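Trainee: Pasting a structure below so you can have a look.
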Amino acid sequence: MQIVIERTTTPKPKPDLDKLGFGRVFTDHMFMMDYNNEAGWHNPRIRPYGPMELDPSTAVFHYAQAVFEGMKAFRTADGRILLFRPRQNMSRLNKSNARMVIPLIDEAFCLEAIKQLVRLDQDWIPSALGMSLYIRPFIIATDPVLGVRRSSTYRFITILSPVGAYYEQGISPISIHVESEYVRAVRGGTGFAKAAGNYGGSLKAQEEAHQEGHSQVLWLDGIERRYVEEVGAMNVFFRIGDEMITPELGDSILPGITRDSVIHLLRHWGITVTERKLAIDELFQAYEEGKLLEALGSGTAAAISPIGKLAWKGRTITIGDGKIGEWSQKLYDTLTGIQTGRIRDEWGWTVEL
Ligand SMILES: *Cc1c(COP(=O)(O)O)cnc(C)c1O
């Protein structure tokens, strides 16, 4: 399929890099294509970024038949552009599609379309350390019908947003509320998919945690409310003694690409990584015994987010004196180093544009 490109005639001024924040500013162009049963995915096009008109009855507004991805493009010191493991994002998008009965995409074609879009808007990739261009592909159900059923039409869209350093004061440990009331996902549900509805449902817990001064929630499993699952929209790792433990994947855990990269790096360094069920009481017990040495969240937005405090049932523990741990720092430096071309990529993770 040929991608038709309509360039903007009114390019926007570039934003003030100090005030970027996350996902507030968008580039000059976006990618779109449509789906219907007769033509399949068709009409791929790049056009000026801007609002879309959709009928108020459009299925996605009512029943959240929608999926998304999140990935980044980085500018290296010598001016090259690198994507980080983008094929993994395309493959995960199709797993989300399958769960949400959205027609599968051609992964190679969509990656090519994203590359074309990034190339066109490459002047928007910030080159300052810690900054990048966030890429948000997503798919929405577009039938103008209120029946609760699978849509027969869809739109795939990709938008780009230059994002600032996640930690303005440098990487620093966050405080986490262990959530014992609300759950994010359950066995048989959609937790493993990047399905839009999962996130709307998580806002209340996040808001209550914020009110108590925490920056994220640690989700427990939806059945026993005992096993650790994720932290906010990040996967989670705990260092107990000389072992790193992360919850094993299942229906209710999003298989993070950063998580997979962290596991690879740690094992490469000779560290034992165990993927298993990890009970919150076991974690607090390990703390009592002085063995809980580090905790971190992993995800595209922040790469590595060290966890300094955990609050559970009225008790707050401080991990590693509230300072960033040795493994967390090394993971952060290595991951961001590979992503920005400062550290040699032994894994073939980066894709140059
Ligand atoms: C996107 C996401 C992650 C992290 O995935 P990455 O591929 O590492 O960015 C973890 N948990 C949830 C719930 C997510 O939505």
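The values are calculated or read from the model by the stated rules, or taken from the named source; none is laboratory data. If you're wondering where the values come from, they're calculated on a predicted model, not measured in any experiment. Reconstructed Cβ throughout: ideal geometry from the backbone, glycine too, with neighbour counts over all protein chains shown. When the accessible area is computed, the model is the full protein with side chains, heavy atoms only, and any ligands, DNA or RNA have been set aside. Shrake-Rupley method; radii C 1.70, N 1.55, O 1.52, S 1.80 Å.
Trainee: Which of the peptides 243-250, 217-224 is most tightly packed, and how do the rest follow, going by the mean number of other Cβ atoms within 10 Å of each residue? All intermediate terms of the calculation are to be shown ahead of the outcome.
Mentor: Working: 243-250: 18.4, 217-224: 20.2.
Top of the packing list down: 217-224, 243-250.
Trainee: Now, a different point. In debye, nearest 20, what is the charge dipole magnitude of the chain about its Cα centre with +1 on Lys and Arg Cβ and -1 on Asp and Glu Cβ, if you could check?
Mentor: On the way: 40 positive and 43 negative charges, 103 e Å.
Its charge dipole is roughly 500 debye.
Trainee: Something else about it: Please give me, ordered by residue number, the trypsin sites (Lys or Arg not before Pro) of the range 1-73 that lie in loop per DSSP and have at most 15 other Cβ atoms within 10 Å. Before the final figure, lay out each step's value.
Mentor: Details: sites: R7, K19, R24, R45, K72; in loops: R7, R24.
Answer in residue order: R7, R24.
Trainee: Another one. Mark the label point 7 Å from the Cα of I5 along Cα→Cβ and return the residues of the range 23-38 whose backbone N is within less than 17 Å of it.
Mentor: It comes to 27-33, nothing else.
Trainee: For the range 4-163, with only Lys/Arg (+1) and Asp/Glu (-1) charged at the beta-carbon, what is the dipole magnitude about the Cα centre, in debye rounded to 20? Before the final figure, lay out each step's value.
Mentor: On the way: 21 positive and 16 negative charges, 96 e Å.
The calculated dipole for the range 4-163 is roughly 460 debye.
Trainee: Sticking with this one: Please report the orientation-averaged projected area of the chain, defined via the convex hull of its C-alpha atoms, in nm².
Mentor: Values: hull surface 72.8 nm².
Taking a quarter of the hull surface, the average projection is 18.2 nm².
Trainee: What does the charge count near G250 come to, summing +1 for each Lys or Arg and -1 for each Asp or Glu among other residues with Cβ under 12 Å from its Cβ? Intermediate values should be presented prior to the final figure.
Mentor: Working: positive: R187, R276, K277; negative: D221, E229, E230, E248, D251, E275.
Residues near G250 contribute -3 overall.
Trainee: Given the options Q329, G79, V60, identify the residue whose Cα lies farthest towards the positive end of the charge dipole of the chain (+1 on Cβ of Lys, Arg; -1 on Cβ of Asp, Glu).
Mentor: Toward the positive end, the furthest listed residue is G79.
Trainee: Oh, and also: Find the relative contact order for the chain and round it to a whole percent, using C-alpha pairs within less than 8 Å whose residues are 6+ positions apart.
Mentor: Across the chain, relative contact order equals 18 percent.
Trainee: Let me ask you something else. May I ask for log10 I(q)/I(0) of the range 4-163 at q = 0.13 Å⁻¹, from a Debye sum over the Cα atoms as equal point scatterers with solvent left out?
Mentor: One equal scatterer on each Cα of the range 4-163 leads to -0.64.
Trainee: Let me ask something additional. Net charge within 15 Å of V183 by Cβ-Cβ distance, Lys/Arg positive one each and Asp/Glu negative one each, not counting V183 itself?
Mentor: On the way: positive: R184, R187, K204, R225, R226; negative: E179, E181, E208, D221, E224, E229, E230, D251.
Net charge around V183: -3.
Trainee: I'd like the Kirkwood hydrodynamic radius of the range 55-104, using the inverse of the mean 1/r over distinct C-alpha pairs, in Å. Before the final figure, lay out the partial values.
Mentor: On the way: mean 1/r = 0.0760 Å⁻¹.
When all Cα pairs of the range 55-104 are included, the Kirkwood radius is 13.2 Å.
Trainee: Further question on the same structure: So which of K115/K309; K95/K277; K72/K313; K12/K330; K115/K204; K204/K291 end up more than 28 Å apart, counting from Cα to Cα?
Mentor: The pairs that break the limit, which is 28 Å between Cα atoms, are K115/K309; K72/K313; K12/K330; K115/K204; K204/K291.
Trainee: Let me check I've understood the local charge: for Y63, count other residues with C-beta under 11 angstrom from its C-beta, Lys and Arg +1, Asp and Glu -1. What total comes out?
Mentor: Details: positive: R149, R150; negative: D143.
Every neighbour counted, the sum reads +1.
Trainee: Pick out which of P306, P144, P126 has the largest mean-square fluctuation in a Gaussian network model of the chain, springs linking Cα atoms closer than 10 Å.
Mentor: Comparing P306, P144, P126 in a Gaussian network model of the chain, the most mobile one is P144.
Trainee: Rolling a 1.4 Å sphere over the protein heavy atoms, what is the accessible area per residue of the range 4-163, to the nearest Å²? Spell out each step's value before the answer.
Mentor: On the way: 7430 Å² over 160 residues.
The answer is 46 Å² per residue.
Trainee: On to the next question. Using +1 on the beta carbon of Lys and Arg, -1 on that of Asp and Glu, and nothing else charged, what's the dipole of the range 225-303 about the Cα centre, debye to 20? List each step's numbers first, then the result.
Mentor: Working: 8 positive and 13 negative charges, 23 e Å.
Roughly 120 debye, rounded to the nearest 20.
Trainee: What are the trypsin sites (Lys or Arg not before Pro) within the range 134-200 that DSSP puts in a loop, where the Cβ has at most 12 other Cβ atoms within 10 Å? Before the final figure, lay out the partial values.
Mentor: Details: sites: R149, R150, R155, R184, R187, K194; in loops: R149, R150, R184, R187, K194.
Passing both the DSSP loop test and the Cβ count: R187.
Trainee: Can you pull out the chymotrypsin sites (Phe, Trp or Tyr not before Pro) in the range 290-353 that DSSP calls coil and that have at most 16 other Cβ atoms within 10 Å? Please report the intermediate quantities before stating the final value.
Mentor: Values: sites: W312, W327, Y332, W347, W349; in loops: W347, W349.
Within the range 290-353, the qualifying chymotrypsin sites (Phe, Trp or Tyr not before Pro) (loop, at most 16 other Cβ atoms within 10 Å) are W347.
Trainee: Given R₀ = 30 Å, what would the calculated FRET efficiency be for R119 paired with F22, taking r from the Cβ atoms and rounding to 0.05? Before the final figure, lay out the partial values.
Mentor: Values: r = 23 Å, r/R0 = 0.77.
Step by step, r from the Cβ atoms, then E = 0.85.
Trainee: Right, another one. Subtracting the Cα-Cα distance from 0.36 nm times the residue separation, let me have the gained length for R225 to D78 in nm, one decimal. List each step's numbers first, then the result.
Mentor: Numbers: separation 147, 0.36 × 147 = 52.92 nm, distance 4.87 nm.
So the extension gain works out to 48.0 nm.
Trainee: Please provide three numbers in whole Å: the alpha-carbon extents of the range 278-353 along the principal axes, with the largest listed first.
Mentor: 50, 19, 18
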